Amino acid sequence: MIERKLLELYRRAMQQRESAYAPYSEFQVGAALETIDGTIFTGCNVENGSLGLSICAERVAVTCAVANGHRSFLKIVVVVSPLASPCGACRQFLSEFFGDDASIYCFEAGDPDRMQTWTMKELLPDRFRFRQ
(Lines give C-alpha, C1' and ligand atoms only; values in the text may rest on other atoms or scores of the structure.)
Protein backbone atom coordinates (compact mmCIF):
# COMPACT_ATOMS: atom_id res chain seq x y z
CA MET A 1 0.00 0.00 0.00
CA ILE A 2 1.31 3.42 -0.97
CA GLU A 3 1.88 5.92 1.88
CA ARG A 4 -0.54 8.86 2.10
CA LYS A 5 1.98 11.64 1.29
CA LEU A 6 3.36 9.71 -1.67
CA LEU A 7 -0.17 9.17 -2.99
CA GLU A 8 -0.83 12.91 -2.67
CA LEU A 9 2.32 13.66 -4.67
CA TYR A 10 1.25 11.10 -7.28
CA ARG A 11 -2.19 12.74 -7.60
CA ARG A 12 -0.70 16.22 -7.91
CA ALA A 13 1.78 15.02 -10.55
CA MET A 14 -1.07 13.34 -12.47
CA GLN A 15 -2.97 16.65 -12.49
CA GLN A 16 0.09 18.48 -13.76
CA ARG A 17 0.63 15.90 -16.48
CA GLU A 18 -2.70 16.98 -17.97
CA SER A 19 -1.28 20.51 -18.36
CA ALA A 20 1.83 19.35 -20.23
CA TYR A 21 2.57 21.08 -23.51
CA ALA A 22 3.93 18.27 -25.67
CA PRO A 23 2.73 18.80 -29.26
CA TYR A 24 5.92 17.36 -30.79
CA SER A 25 6.63 14.23 -28.76
CA GLU A 26 3.17 13.71 -27.22
CA PHE A 27 5.16 12.53 -24.18
CA GLN A 28 3.31 14.16 -21.28
CA VAL A 29 5.04 14.25 -17.91
CA GLY A 30 3.95 15.59 -14.54
CA ALA A 31 6.04 16.02 -11.40
CA ALA A 32 5.44 16.92 -7.77
CA LEU A 33 8.10 17.44 -5.13
CA GLU A 34 7.98 17.77 -1.37
CA THR A 35 10.20 20.28 0.40
CA ILE A 36 11.75 19.69 3.78
CA ASP A 37 8.90 21.65 5.42
CA GLY A 38 6.19 19.63 3.62
CA THR A 39 5.31 22.17 0.93
CA ILE A 40 4.49 20.66 -2.46
CA PHE A 41 5.49 22.15 -5.81
CA THR A 42 4.47 20.75 -9.18
CA GLY A 43 5.48 21.00 -12.80
CA CYS A 44 4.81 19.64 -16.25
CA ASN A 45 6.98 19.36 -19.34
CA VAL A 46 6.84 22.25 -21.79
CA GLU A 47 8.14 21.58 -25.29
CA ASN A 48 9.36 24.07 -27.85
CA GLY A 49 9.72 23.88 -31.62
CA SER A 50 13.45 24.19 -31.01
CA LEU A 51 13.48 20.96 -28.98
CA GLY A 52 16.65 21.84 -27.07
CA LEU A 53 14.68 24.65 -25.42
CA SER A 54 12.08 22.26 -24.01
CA ILE A 55 11.97 21.88 -20.23
CA CYS A 56 11.16 18.73 -18.32
CA ALA A 57 8.52 18.47 -15.59
CA GLU A 58 11.10 17.74 -12.92
CA ARG A 59 13.01 20.94 -13.65
CA VAL A 60 9.79 22.99 -13.74
CA ALA A 61 8.84 21.73 -10.25
CA VAL A 62 12.31 22.47 -8.87
CA THR A 63 12.48 25.95 -10.39
CA CYS A 64 9.02 26.78 -8.97
CA ALA A 65 10.19 25.70 -5.52
CA VAL A 66 13.44 27.66 -5.78
CA ALA A 67 11.57 30.75 -7.01
CA ASN A 68 9.52 30.51 -3.82
CA GLY A 69 12.56 30.36 -1.56
CA HIS A 70 12.94 26.60 -1.07
CA ARG A 71 16.26 24.80 -1.43
CA SER A 72 15.87 21.53 0.53
CA PHE A 73 13.74 18.74 -0.90
CA LEU A 74 12.74 15.31 0.42
CA LYS A 75 11.35 13.49 -2.60
CA ILE A 76 9.99 13.93 -6.07
CA VAL A 77 7.31 11.99 -7.93
CA VAL A 78 7.30 11.82 -11.72
CA VAL A 79 4.28 10.49 -13.62
CA VAL A 80 4.75 9.36 -17.20
CA SER A 81 3.54 6.78 -19.71
CA PRO A 82 5.23 4.53 -20.53
CA LEU A 83 7.13 4.24 -17.26
CA ALA A 84 10.57 5.87 -17.57
CA SER A 85 13.31 7.28 -15.38
CA PRO A 86 14.36 10.96 -15.44
CA CYS A 87 16.57 11.99 -18.35
CA GLY A 88 20.27 12.68 -17.84
CA ALA A 89 19.82 16.46 -17.73
CA CYS A 90 17.16 16.12 -15.02
CA ARG A 91 19.32 13.73 -13.03
CA GLN A 92 22.13 16.29 -12.92
CA PHE A 93 19.68 19.13 -12.20
CA LEU A 94 17.97 17.22 -9.39
CA SER A 95 21.33 16.28 -7.86
CA GLU A 96 21.94 19.98 -7.16
CA PHE A 97 19.01 20.05 -4.71
CA PHE A 98 18.44 16.45 -3.59
CA GLY A 99 20.91 14.62 -1.37
CA ASP A 100 22.36 11.28 -2.40
CA ASP A 101 19.77 9.42 -0.30
CA ALA A 102 16.74 11.40 -1.52
CA SER A 103 13.97 9.33 -3.11
CA ILE A 104 13.02 9.68 -6.76
CA TYR A 105 9.72 7.94 -7.62
CA CYS A 106 8.49 7.31 -11.17
CA PHE A 107 4.91 6.13 -11.66
CA GLU A 108 3.04 4.87 -14.67
CA ALA A 109 0.34 7.43 -15.45
CA GLY A 110 -3.03 6.19 -14.23
CA ASP A 111 -1.62 3.22 -12.31
CA PRO A 112 -0.15 4.04 -8.89
CA ASP A 113 0.70 0.36 -8.44
CA ARG A 114 3.29 0.56 -11.28
CA MET A 115 6.18 2.45 -9.78
CA GLN A 116 9.95 2.43 -9.67
CA THR A 117 12.02 4.19 -7.06
CA TRP A 118 15.66 5.12 -6.80
CA THR A 119 17.88 7.19 -4.60
CA MET A 120 19.62 10.13 -6.21
CA LYS A 121 22.91 8.24 -5.79
CA GLU A 122 21.53 5.27 -7.75
CA LEU A 123 20.34 7.48 -10.61
CA LEU A 124 23.54 9.51 -10.81
CA PRO A 125 26.34 7.81 -8.88
CA ASP A 126 29.16 10.07 -10.05
CA ARG A 127 27.46 13.41 -10.55
CA PHE A 128 29.26 16.55 -11.63
CA ARG A 129 30.05 18.89 -8.75
CA PHE A 130 31.40 22.37 -9.46
CA ARG A 131 33.28 22.39 -6.17
CA GLN A 132 34.47 19.24 -4.47
Problem - Selection from region 1-54 of residues that are more than 11 Å from V79 (Cβ to Cβ) and among the hydroxyl-bearing types (S, T, Y) - result: S19, Y21, Y24, S25, T35, T39, S50, S54
Practice task
Go through region 70-100 and give me each residue that's in contact with a helix residue (DSSP H, G or I) (Cβ under 7 Å, 6 or more places away or on another chain) and exposed (fewer than 15 other Cβ atoms within 10 Å of the Cβ).
Solution key: G99, D100
Exercise for the section: Give the residue, chosen from L123, L83, L94, that is within 14 Å of L33 (Cα to Cα) and under 15 Å from the mean Cα position of the chain (by Cα). Expected result: L94
Completion exercise
Exception for R131 within (1) modelled with pLDDT under 95; (2) part of a strand (DSSP E or B) falls at (2)
Practice task
Identify all residues within region 1-50 that are touching a helix residue (DSSP H, G or I) at 6+ places or on another chain (Cβ under 8 Å), in contact (Cβ under 8 Å) with a residue 40 or more places away in the chain and surrounded by fewer than 16 Cβ atoms within 10 Å (Cβ to Cβ); write none if there are none.
Solution key: I2
Handout entry: Number of the exception - E122 against (1) among the charged types (D, E, K, R); (2) open to solvent by 70 Å² or more (accessible area, probe 1.4 Å); (3) part of a loop (DSSP other than H, G, I, E, B)
Key = (3)
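The values are calculated or read from the model by the stated rules, or taken from the named source; none is laboratory data. Given the structure is predicted, the values throughout are model-derived calculations rather than measurements. Note: ideal-geometry Cβ built from the backbone for every residue, glycine included; neighbour counts use all protein chains shown. The area values use the complete protein model at the heavy-atom level, side chains included, leaving out ligands, DNA and RNA. Shrake-Rupley method; radii C 1.70, N 1.55, O 1.52, S 1.80 Å.
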